[in-house]
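Report on one structure; see the data block that follows.
The values are calculated or read from the model by the stated rules, or taken from the named source; none is laboratory data. Keep in mind that what you see is a predicted model, and the values were worked out from it rather than measured. Note: ideal-geometry Cβ built from the backbone for every residue, glycine included; neighbour counts use all protein chains shown. Quick note on the areas: whole protein, heavy atoms, side chains included, nothing else; ligands and nucleic acids left out. Shrake-Rupley method; radii C 1.70, N 1.55, O 1.52, S 1.80 Å.
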Amino acid sequence: MRTITDEIKQKIASEPFLEEGIRRGIINLSALAREMKPELESLLYKELSEGAVVMALKRIAEKMNQQEIKRPDKKKIVGDLIVRSSLTEFTYRISDTTTEKQRSLLKETKKERGQFVTITRGIDQLTIIISASFNNQVQKIFKDEPFVRQIDDLASITCKLYDYVIFIPGIFYMILKLLAWENINVIEVVSTYTEFTIILEREQVDQSFSILMKYFHPK
């Protein structure tokens, strides 16, 4: 049976800014309880006291603070930040010949060291994010593949992570919420074991880099 706490957690999970406000202690829990009470009563099919909602919010806030304390020093989460510009994203539907085309592209890009290329294969789609200098090669190699979308004028920020932090819950969320607070749209994310790459529109990359540097490497 669902409880007050279960419903509040679900609501907070769907509203990251609300979570951040509670975590920072800048939201009046009594006022929030009054606002949430009618919705909670509707979901749980019973009347609730405002005090019960406040107590549930306090327990959740305390747990958030405990989780925050367990996280490593923010200076020991992200190491180097690497920016790449002039990127293009191509998305195609997967077909019987997709794997063959993928191999051809990797063979082509292997000729030029230092260029950005990442290929993500999902269930139905293949997304290529690549240096714009390879646009013609991608279009030529994949010309017979079912085309979905091309997005130009992108850039990336790669966060080099310390290897132990990938086992700590909420690390990727911590990075992304910094950008969300500043209304920065993330086009894609790509990750490997200790690299977390954020794909953005080019005009937002400088601001994003400054935000991440200020948080993870304060002077």
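If I ask for residues that are buried (at least 17 other Cβ atoms within 10 Å of the Cβ) and either modelled with pLDDT under 95 or aliphatic (A, V, I, L, M) (or both), which ones from the stretch 185-210 would you list?
Once the filter is applied, which keeps residues that are buried (at least 17 other Cβ atoms within 10 Å of the Cβ) and either modelled with pLDDT under 95 or aliphatic (A, V, I, L, M) (or both), the stretch 185-210 yields Ile198, Ile199, Leu200, Val205.
Which of the residues that make up the stretch 141-164 are surrounded by 13 or more Cβ atoms within 10 Å (Cβ to Cβ) and in a helix (DSSP H, G or I)?
Ile141
Among the listed residues Ile129, Ile175, which satisfies the condition of being modelled with pLDDT under 95, closer than 24 Å to Gly79 by Cα and surrounded by 15 or more Cβ atoms within 10 Å (Cβ to Cβ)?
Result: Ile175 is the single residue among Ile129, Ile175 that is modelled with pLDDT under 95, closer than 24 Å to Gly79 by Cα and surrounded by 15 or more Cβ atoms within 10 Å (Cβ to Cβ).
Anything in the stretch 8-61 that is of a type in the set (A, V, I, L, M), assigned to a loop (DSSP other than H, G, I, E, B) and closer than 21 Å to Trp181 by Cβ? List them, or say none.
Answer for the stretch 8-61, where residues must be of a type in the set (A, V, I, L, M), assigned to a loop (DSSP other than H, G, I, E, B) and closer than 21 Å to Trp181 by Cβ: Ile26, Ile27.
Look at Glu20 and say whether it is of a type in the set (Asp, Glu) and either modelled with pLDDT of 85 or more or open to solvent by less than 80 Å² (accessible area, probe 1.4 Å) (or both).
yes
Residue check: is Ile119 touching a residue at least 60 places away in the same chain (Cβ under 8 Å), under 29 Å from Val205 (Cα atoms), open to solvent by less than 80 Å² (accessible area, probe 1.4 Å) and not hydroxyl-bearing (Ser, Thr, Tyr)?
So Ile119 fails the test.
Starting from the stretch 5-23, keep only residues that are more than 12 Å from Leu57 (Cβ to Cβ), then list their pairs with residues that are not in a helix (DSSP H, G or I) whose Cβ atoms are within a distance under 8 Å, requiring at least 6 positions of separation or different chains.
Cβ pairs passing all conditions: Phe17/Trp181; Glu20/Trp181.
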